[in-house]
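First the structure, in the form of structure tokens, and then the observations on it.
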Amino acid sequence: TAANLGVALASGALVKAARSLGLGGKWNLPVPAFSGSLPEPSGASARNEQAADSYGQGKDLVSPLLMAEIAGAAATGKTVPPSLVLGEQAKVSATQPAKVTEYLNTLMRDVVTVPGATGRGLADLPGPVRGKTGTAEFGTDKPPKSHSWFAGTRGDIAFSVFIYGGEGSATGAVPVAHKLLTALPS
């Protein structure tokens with residue numbers, strides 16, 4: 001599981017990997033935009049915090065724009081900061097090893113193609129859709145409410161769907177991603 005992989009990482013490795021995919025990056029956009037943050041776990045609960053951070057809970061803070069960038073970086077191996085002006089694309093920055101890109105592409109494709117997977121609702125779309133579903137718990141309700149996420153790619157398009165209070169991704173963000181991708185040329 002992601003938590004087991006997360007705690008197996010050396011101190012600082014998770015934050016370094018997240019930054020290599022664009023988290024906390026410097027964007028030059030004509031509007032305010034949040035590129036995320038992930039503090040380095042510390043103290044007596046650092047190991048538990050790193051486990052939670054490794055699967056998107058913990059102290060991870062992200063935005064839909066960041067998640068689209070991260071999905072694109074995971075799929076291509078290159079971090080491309082977002083731009084809002086056609087023809088004024090940002091320059092590609094860091095690249096990741098090809099073996100990591102291949103591994104991430106396999107994992108992200110499995111989220112859509114493996115029977116019972118949380119992104120399976122996108123399997124009928126043309127073109128290889130890759131992505132990652134997620135939920136982000138919030139509030140003090142017991143059990144807590146969740147936001148619904150799907151961040152992914154199809155061809156040269158990276159996208160992210162975030163539904164405030166959308167609960168499970170398979171019933172929240174994934175159907176919206178399906179509508180989005182159905183409306184776009186494949």
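The values are calculated or read from the model by the stated rules, or taken from the named source; none is laboratory data. Keep in mind it's a predicted model, so treat the numbers as computed, not measured. All Cβ positions, even for glycine, are placed from backbone atoms using ideal geometry, and neighbour counts span all protein chains on display. Side chains included, ligands, DNA and RNA excluded: accessible areas come from the protein's heavy atoms. Shrake-Rupley method; radii C 1.70, N 1.55, O 1.52, S 1.80 Å.
I'd like the trypsin sites (Lys or Arg not before Pro) in segment 82-183 restricted to DSSP loop residues with at most 10 other Cβ atoms within 10 Å, sorted by number.
The qualifying sites are Lys91.
Between the beta carbons of Leu29 and Leu180, assuming R0 = 25 Å, the FRET efficiency works out to 0.70 to the nearest 0.05.
Computed from backbone phi with θ = phi - 60° and the Karplus coefficients 6.51, -1.76 and 1.60, the 3J(HN,Hα) list for segment 67-81 is 5, 5, 4, 5, 4, x, 5, 5, 6, 9, x, 10, 8, 10, x Hz; x is used for glycine and proline.
Which whole-number value in Å³ per residue fits the convex hull of the alpha carbons of segment 50-157?
Values: hull volume 15.0 nm³, N = 108.
Output value, Cα hull per residue: 139 Å³.
For the chain, a crude dipole built from +1 on the beta carbon of Lys and Arg and -1 on the beta carbon of Asp and Glu, taken about the Cα centre, is about 220 debye to the nearest 20. Here the 3J(HN,Hα) profile of segment 137-145, calculated from phi with Karplus coefficients 6.51, -1.76 and 1.60 at θ = phi - 60°, is 6, 8, x, 10, 4, 10, x, x, 6 Hz, Gly and Pro shown as x.
For the chain, what is the accessible area per residue in Å² when the probe is 1.4 Å? Present the calculation step by step, with values, prior to reporting the outcome.
Details: 10710 Å² over 186 residues.
Computed with neighbouring chains in place, this is 58 Å² per residue.
Whole-Hz Karplus values for segment 146-153 come out as 9, 7, 10, 10, 8, 10, x, 9 Hz, taken residue by residue from phi with 6.51 cos²θ - 1.76 cosθ + 1.60 and θ = phi - 60°; glycine and proline positions read x.
Can you figure out the FRET efficiency of Gln57 with Thr140, using R₀ = 22 Å and their beta-carbon distance, to the nearest 0.05? Don't skip to the answer; put the middle values down first.
On the way: r = 16 Å, r/R0 = 0.71.
Taking R0 as 22 Å, the efficiency between Gln57 and Thr140 is 0.90.
Specify which labelled value, from [x] 17.1; [y] 16.2; [z] 20.9, agrees with Kirkwood radius over Cα pairs in Å derived from the coordinates of the model shown. Structure-derived value, by its label: [x].
Quick one: net charge of Pro39's neighbours, Cβ under 11 Å, K/R +1, D/E -1? All intermediate terms of the calculation are to be shown ahead of the outcome.
On the way: positive: Lys59; negative: Glu40, Glu49, Asp53, Asp60.
In short, -3.
Distances over 16 Å make up what percent of all Cα-Cα pairs in segment 1-110? In whole percent, the share of Cα-Cα pairs in segment 1-110 beyond 16 Å is 61. In the chain, helical runs assigned H by DSSP with n ≥ 4 each contribute -39500 (n - 2.57); averaged across all residues and rounded to the nearest 500, the mean residue ellipticity at 222 nm is -10500 deg cm²/dmol. Using the Cβ of Leu21 as centre and a radius below 13 Å, the other residues enclosed give a net charge of +2, where K and R count +1 and D and E count -1.
Using Cα-Cα distances under 8 Å and only pairs 6 or more residues apart, what relative contact order does the chain have, in percent? Intermediate results must be reported in sequence, preceding the final value.
Working: 350 pairs, mean separation 30.3, N = 186.
For the chain, the relative contact order is 16 percent.
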